[in-house]
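Enquirer: I'd like to ask some things about the structure below.
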Amino acid sequence: MQDFESGVPTRIGGLKIPVKRILGRNPGPMTGPGTNSYLIGHNRLSLLDPGPLDDVQFMNFMKAIGDRKLDYLLITHTHADHSPAALKIQAETGAELVGMPAPDVPGHDHTFQPTRAWKHGDEINCGEYKIRLIHTPGHVSNHICFLIVEEMFLFTGDHVLQGTTSVILPPDGDMGAYLESLSFLQTLPLRYLAPGHGHIMDRPHEEICNLIEHRLRREKKVLFCLKKLGESILDELVLTVYDDVASHLIPWAKKTLLAHLIKLRRDGVIREEHGHWKIEPR
């Protein structure tokens with residue numbers, strides 16, 4: 001597995017269209033080694049997910065672009081580790097902003113305002129390559145994966161991560177939508193997945209299948225624990241459903257557990273009364 005140094009463009013092998021990964025300078029418990037930014041193309045360039053505002057990383061991007069034209073800034077979603085640097089790079093390069101606006105909930109970068117109203121299925125023709133937008137709500141409602149059509153190479157942002165799973169963040173994140181988005185990706189003849197954090201994955205359908213199975217196993221565990229406990233509040237339930245998770249990750253697990261519970265309530269399987277969750281009687 002190839003090692004990467006933050007700020008240094010490193011070309012990804014096996015592709016005719018050049019794709020260079022530029023690792024962010026923001027390692028952490030939720031970002032792993034840092035945010036992956038990707039520079040795409042020979043002469044007409046696109047930059048995906050430039051990450052947080054960082055003067056050093058900004059100069060790294062400008063050096064990598066050089067005297068070529070940056071046509072597009074592609075934003076998978078508007079979390080602080082993915083989109084805030086876009087505005088400064090746009091001001092410097094004139095690149096068009098591609099993505100969906102931030103939802104009206106806390107935790108998003110509301111400085112990002114796309115140039116136009118982009119939607120699922122839109123394609124960008126960069127001459128030497130085409131990029132297709134695939135709306136993949138779940139982690140958050142405005143999440144987009146970007147596909148290099150000629151390579152069937154998919155940039156997955158936080159929808160599919162390498163070595164871990166995405167946190168689903170209600171009220172904007174939605175577990176049902178997440179599973180539906182994963183199922184849609186299974187229908188595409190993908191060759192590679194390029195995540196927002198972690199390494200390139202060359203068995204895309206296996207990775208996506210594993211994620212779906214993982215979520216469904218967790219859902220079954222939610223139901224098993226509720227049957228065992230009779231009823232439970234979120235803070236108690238998370239300790240049994242996620243008894244396989246390190247303690248420092250429990251606050252994040254609680255968010256995803258809530259997403260599972262909301263889905264199961266919508267499916268008519270469980271109910272909630274005054275913060276207490278229980279199996280819906282049949």
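The values are calculated or read from the model by the stated rules, or taken from the named source; none is laboratory data. Worth saying up front: this structure is predicted, and the values here are computed from it rather than measured. Neighbour counts run over all protein chains shown; Cβ positions are idealised from the backbone, glycine included.
Enquirer: Could you please find all residues in segment 146-162 being buried (at least 24 other Cβ atoms within 10 Å of the Cβ) and either assigned to a loop (DSSP other than H, G, I, E, B) or not polar (S, T, N, Q) (or both)? I'd like the intermediate steps shown before the answer.
Expert: Pass one, segment 146-162, residues buried (at least 24 other Cβ atoms within 10 Å of the Cβ): 146, 148, 153-160.
Within segment 146-162, Phe146, Ile148, Phe153, Leu154, Phe155, Gly157, Asp158, His159, Val160 meet the criteria.
Conditions (1) in contact (Cβ under 8 Å) with a residue 40 or more places away in the chain; (2) in contact with a His (Cβ under 7 Å, 6 or more places away or on another chain); (3) among the β-branched types (Val, Ile, Thr); (4) not assigned by TED's automatic domain parsing to the domain that holds Val269, marked per residue:
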residue: Pro84; (1), (2), (3), (4): no, no, no, yes
residue: Ala95; (1), (2), (3), (4): yes, no, no, yes
residue: Pro103; (1), (2), (3), (4): yes, no, no, yes
residue: Trp118; (1), (2), (3), (4): no, no, no, yes
residue: His159; (1), (2), (3), (4): yes, yes, no, yes
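Enquirer: Please count how many residues of segment 26-38 are in a strand (DSSP E or B), touching a residue at least 12 places away in the same chain (Cβ under 8 Å) and surrounded by fewer than 22 Cβ atoms within 10 Å (Cβ to Cβ).
Expert: Qualifying residue count for the region: 1.
To keep it simple, each residue is scored yes or no on (1) closer than 14 Å to Ala64 by Cβ; (2) under 21 Å from the mean Cα position of the chain (by Cα); (3) not assigned by TED's automatic domain parsing to the domain that holds Leu70.
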residue: Ile17; (1), (2), (3): no, no, no
residue: Leu23; (1), (2), (3): yes, yes, no
residue: Met30; (1), (2), (3): no, yes, no
residue: Ser37; (1), (2), (3): yes, yes, no
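Enquirer: I'm told Arg44 meets every condition in (1) closer than 20 Å to Pro195 by Cα; (2) more than 18 Å from the chain's Cα centre (by Cα); (3) surrounded by fewer than 21 Cβ atoms within 10 Å (Cβ to Cβ) except one. Can you identify the failing condition by its number?
Expert: Arg44 satisfies all of (1) closer than 20 Å to Pro195 by Cα; (2) more than 18 Å from the chain's Cα centre (by Cα); (3) surrounded by fewer than 21 Cβ atoms within 10 Å (Cβ to Cβ) except (1).
Enquirer: Tell me the residue from Glu206, Glu219 that is of a type outside the set (Phe, Trp, Tyr) and surrounded by fewer than 16 Cβ atoms within 10 Å (Cβ to Cβ), please.
Expert: Of Glu206, Glu219, the one residue that is of a type outside the set (Phe, Trp, Tyr) and surrounded by fewer than 16 Cβ atoms within 10 Å (Cβ to Cβ) is Glu206.
Enquirer: Separate question: Go through (1) of a type in the set (Val, Ile, Thr); (2) in a loop (DSSP other than H, G, I, E, B); (3) within 26 Å of Phe4 (Cβ to Cβ); (4) at pLDDT 95 or above and name the single condition Thr165 misses.
Expert: (4)
Condition check ((1) surrounded by 16 or more Cβ atoms within 10 Å (Cβ to Cβ); (2) over 16 Å from Ser166 (Cβ atoms)) across all residues:
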| position | (1), (2) |
| --- | --- |
| Leu226 | yes, yes |
| Tyr242 | yes, no |
| Lys254 | yes, no |
| Leu257 | yes, no |
| Leu261 | yes, yes |
| His274 | no, yes |
| Pro281 | no, yes |
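Here's the yes/no breakdown for (1) among the hydroxyl-bearing types (Ser, Thr, Tyr); (2) in a loop (DSSP other than H, G, I, E, B):
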position: Tyr72; (1), (2): yes, no
position: Ser83; (1), (2): yes, yes
position: Ile89; (1), (2): no, no
position: Trp118; (1), (2): no, yes
position: Ile124; (1), (2): no, no
position: Leu133; (1), (2): no, no
position: Val140; (1), (2): no, yes
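Enquirer: Okay, next question. Can you find a residue that is in the same structural domain as Leu154 (by TED's automatic domain parsing), of a type in the set (D, E, K, R), in a loop (DSSP other than H, G, I, E, B) and surrounded by 21 or more Cβ atoms within 10 Å (Cβ to Cβ) anywhere in segment 47-58?
Expert: Let us first name the residues in segment 47-58 that are in the same structural domain as Leu154 (by TED's automatic domain parsing), namely 47-58.
In the following step, the residues that additionally are of a type in the set (D, E, K, R) were identified as 49, 54-55.
Retained after the next criterion (residues that are in a loop (DSSP other than H, G, I, E, B)): 49, 54.
Checking which are surrounded by 21 or more Cβ atoms within 10 Å (Cβ to Cβ) leaves us with 49.
Within segment 47-58 (the criterion being in the same structural domain as Leu154 (by TED's automatic domain parsing), of a type in the set (D, E, K, R), in a loop (DSSP other than H, G, I, E, B) and surrounded by 21 or more Cβ atoms within 10 Å (Cβ to Cβ)), the answer is yes, since at least one residue qualifies.
Enquirer: Can you name the number of the only condition in (1) in contact with a helix residue (DSSP H, G or I) (Cβ under 8 Å, 6 or more places away or on another chain); (2) at pLDDT below 95; (3) not basic (Lys, Arg) that Asp235 fails?
Expert: Unmet for Asp235, out of (1) in contact with a helix residue (DSSP H, G or I) (Cβ under 8 Å, 6 or more places away or on another chain); (2) at pLDDT below 95; (3) not basic (Lys, Arg): (2).
Enquirer: Sort out which residues of segment 58-100 are among the β-branched types (Val, Ile, Thr) and touching a Leu at 6+ places or on another chain (Cβ under 9 Å), and write them in order of number.
Expert: If we filter segment 58-100 for residues that are among the β-branched types (Val, Ile, Thr), which is where we start, we get 65, 75-76, 78, 89, 93, 98.
Of everything in segment 58-100, those that are among the β-branched types (Val, Ile, Thr) and touching a Leu at 6+ places or on another chain (Cβ under 9 Å) turn out to be Ile65, Ile75, Thr76, Ile89, Thr93, Val98.
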